[in-house]
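The values are calculated or read from the model by the stated rules, or taken from the named source; none is laboratory data. Keep in mind that this is a model prediction, so the values were computed, not measured. Ideal geometry is used to build each Cβ from the backbone, glycine not excepted, and the neighbour counts take in all protein chains shown. For accessibility, only protein heavy atoms count, side chains too; no ligands or nucleic acids. Shrake-Rupley method; radii C 1.70, N 1.55, O 1.52, S 1.80 Å.
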Amino acid sequence: MSPRGGGEPAVVPDAEFTSYYGRPVVKPAPWAADIPAYMFAGGLAAGSSLLAAGADLTSRPALRRSGRVTALAALGFSAAALVHDLGRPSRFLNMMRTVKLTSPMSVGTWILALYGPPAGLAAVAELAGVPGVPRRLGRVLGALGRPAGLAAGLLAPPVAAYTAVLLSDTATPSWHEAYRELPFVFVSSAAAAAGGAALLAVPAAQAGPARRLAVGGALAELLAEARMERSMGMTAEPLHQGGAGRLMRAAKLLTAAGAALTLLAGRRRPVAALAGAALLAGSACTRFGVVEAGLASARDPRYTVVPQRRRLAQAATRSPRA
C-alpha cells in the first residue's frame, strides 16, 4: 500500500460504500421533469397571486391583472404537469378522499384544492368590463374579484412552501438534511419568479412592487440557499456535482443577475424584461437543481450511511455511561 500524506503506510484500503446487490440504500424517487416543472409553476402561481392581491389593495390595475392571469396560467400548467406524472387525473382526486395532517402530500393536495378556485375566479373576474361581456355578469365578476383575489393571496405562501416540506419529509439524503432552509429557498424563489413575470408584462409606472418583490425574493433566495448548504454537511455535495451542480450554478448566476438588472432597469422596459426573464429562469433552475441533487444523493449509499453513522456516534457520546 502507498503511504498517505508521508505517514505510515495504509494497512486497510479506503472504504467503499456499497449496498446489497449494488442497489441504493434509499430508492430514488421515480420522477422525471414533470415534478420540478410542477413545483416551479406552482411557486410562480403563488407568488403572482400574492402580488396581485397587493396590487388590488393599492389600486394598480395592470399589476393586478397581470398577477391574476399569470397565476391562473401557471396553476394550469402545474396541474397538467402533476397529472402527467401521476398518469391519470383520478389519482389526484383519490388523494382527496382523506385528510391526513401528518402527510405533506395530503396537506399539499388540499392546499392546492383550496387555492385553485379563488385563483381561477380572480382571473376570470378580469373579464368584467371587457367588451362583449354582459353587463350583469360583469358586475357579478367585479364584485367577486377582490374577495377571491385576497383569498388566493392568503393561501399563496403555503402553496409556495409545501413542495419543499414534501421533499424534506422523505428519506432522500440531500432533501431531508435541507429541511430547515428549503422552504425559505422555495418561497423566496417563488417571490423572485413572480416579480420577474410581472416585469415582463406590466408598465414601469405600476411595476414598483414587482421590482421590490423580485429583488427581495432573489436576495432572500441566495442567502437561504447559502445557509442551507452550510447546514447540510456532506449531503450538500450533490448540489455542486454533475447536472445538479450545473443547474444550481446557473440558478445563482441568473438570480443574482436578475436582481442586479432589476435595480438598474428603472423605467427601461427592455432591461426590465431581461431581468424578469433571468429571474424566471433562475427560479426554474433552482427547482430542477434541488430535485436532481436529491436523486443523485439517493443513488450513492455514502450520503445515507455516513450521516447515519455520525448521528449514531453523536447519540452515543451524549448518552450517560451505564
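Assuming Ala193 fulfils every condition listed in (1) in a loop (DSSP other than H, G, I, E, B); (2) in contact (Cβ under 8 Å) with a residue 24 or more places away in the chain apart from one, which condition is it?
Among (1) in a loop (DSSP other than H, G, I, E, B); (2) in contact (Cβ under 8 Å) with a residue 24 or more places away in the chain, Ala193 violates only (1).
Checking Ala148 against (1) of a type outside the set (Lys, Arg); (2) under 23 Å from Gly217 (Cβ atoms); (3) in contact with a helix residue (DSSP H, G or I) (Cβ under 6 Å, 6 or more places away or on another chain); (4) part of a helix (DSSP H, G or I): exactly one of these is not met. Which one?
Just one mismatch for Ala148, condition (2).
Looking at Ala143, Ala171, can you tell me which residue is among the small types (Gly, Ala, Ser), more than 27 Å from Val69 (Cβ to Cβ), at pLDDT below 90 and open to solvent by 50 Å² or more (accessible area, probe 1.4 Å)?
On the way: Ala143 fails: more than 27 Å from Val69 (Cβ to Cβ).
Result: Ala171 is the single residue among Ala143, Ala171 that is among the small types (Gly, Ala, Ser), more than 27 Å from Val69 (Cβ to Cβ), at pLDDT below 90 and open to solvent by 50 Å² or more (accessible area, probe 1.4 Å).
With respect to Ala45, determine if the residue is in contact with a Leu (Cβ under 9 Å, 6 or more places away or on another chain), in a helix (DSSP H, G or I), open to solvent by less than 40 Å² (accessible area, probe 1.4 Å) and at pLDDT 75 or above.
Details: in contact with a Leu (Cβ under 9 Å, 6 or more places away or on another chain): yes; in a helix (DSSP H, G or I): yes; open to solvent by less than 40 Å² (accessible area, probe 1.4 Å): yes; at pLDDT 75 or above: yes.
So Ala45 fits the description; yes.
Look through Gly289, Gly266, Gly258 and report the one residue that is open to solvent by less than 40 Å² (accessible area, probe 1.4 Å), modelled with pLDDT of 95 or more and out of contact with any Gly (no Cβ under 7 Å at 6 or more places or on another chain).
Only one candidate qualifies: Gly289.
Assess whether Arg230 counts as being open to solvent by 10 Å² or more (accessible area, probe 1.4 Å), farther than 30 Å from Leu264 by Cα and outside any helix (DSSP H, G or I). Steps first, please.
Numbers: open to solvent by 10 Å² or more (accessible area, probe 1.4 Å): yes; farther than 30 Å from Leu264 by Cα: yes; outside any helix (DSSP H, G or I): no.
No.
Before we move on, is Gly108 in contact (Cβ under 8 Å) with a residue 12 or more places away in the chain, within 23 Å of Leu167 (Cβ to Cβ) and crowded, with 18+ Cβ neighbours inside 10 Å?
Yes.
Determine the pairs where a residue that is open to solvent by 100 Å² or more (accessible area, probe 1.4 Å), located within region 79-104, has a partner that is modelled with pLDDT under 80 and not β-branched (Val, Ile, Thr) with Cβ atoms under 6 Å apart, the partner being 6 or more residues away or on another chain.
Listed pairs, sorted by first residue: Lys100/Ser106.
Only one residue in Leu141, Leu101, Leu114 is on the phi < 0 side of the Ramachandran plot and not in a helix (DSSP H, G or I), so which one is that?
Numbers: Leu141 fails: not in a helix (DSSP H, G or I); Leu114 fails: not in a helix (DSSP H, G or I).
Exactly one of Leu141, Leu101, Leu114 is on the phi < 0 side of the Ramachandran plot and not in a helix (DSSP H, G or I), namely Leu101.
Taking the condition open to solvent by 10 Å² or more (accessible area, probe 1.4 Å) and touching a residue at least 40 places away in the same chain (Cβ under 8 Å), does Leu213 pass? Break it down into steps so the answer makes sense when it comes.
Working: open to solvent by 10 Å² or more (accessible area, probe 1.4 Å): yes; touching a residue at least 40 places away in the same chain (Cβ under 8 Å): yes.
Against the criterion (open to solvent by 10 Å² or more (accessible area, probe 1.4 Å) and touching a residue at least 40 places away in the same chain (Cβ under 8 Å)), Leu213 qualifies.
Got a number for residues in region 155-173 being of a type in the set (A, V, I, L, M) and without any contact (Cβ under 8 Å) to a residue 60 or more places away in the chain? Explain how you work it out, then say what you get.
The first filter runs over region 155-173 and keeps only residues of a type in the set (A, V, I, L, M), leaving 155-156, 159-161, 164-167, 171.
Then keep just the ones that are without any contact (Cβ under 8 Å) to a residue 60 or more places away in the chain; that gives 161, 164.
Matching residues across region 155-173 total 2.
Ala62 fails exactly one of the following numbered conditions: (1) closer than 29 Å to Thr170 by Cα; (2) not in a loop (DSSP other than H, G, I, E, B). What is the number of that condition?
The failed condition is (1).
For region 300-308, check the following and say yes or no: at least one residue is without any contact (Cβ under 8 Å) to a residue 40 or more places away in the chain and open to solvent by 40 Å² or more (accessible area, probe 1.4 Å). Break it down stepwise before answering.
Pass one, region 300-308, residues without any contact (Cβ under 8 Å) to a residue 40 or more places away in the chain: 308.
Restricting the remaining residues to those that are open to solvent by 40 Å² or more (accessible area, probe 1.4 Å) gives 308.
Yes.
Being assigned to a helix (DSSP H, G or I) and farther than 24 Å from Asp169 by Cα narrows it down to one of Leu253, Leu239, Leu223, Leu312, so name that one. Talk me through it step by step, then tell me what you get.
Details: Leu239 fails: farther than 24 Å from Asp169 by Cα; Leu223 fails: farther than 24 Å from Asp169 by Cα; Leu312 fails: farther than 24 Å from Asp169 by Cα.
Selected residue: Leu253, the only one of Leu253, Leu239, Leu223, Leu312 that is assigned to a helix (DSSP H, G or I) and farther than 24 Å from Asp169 by Cα.
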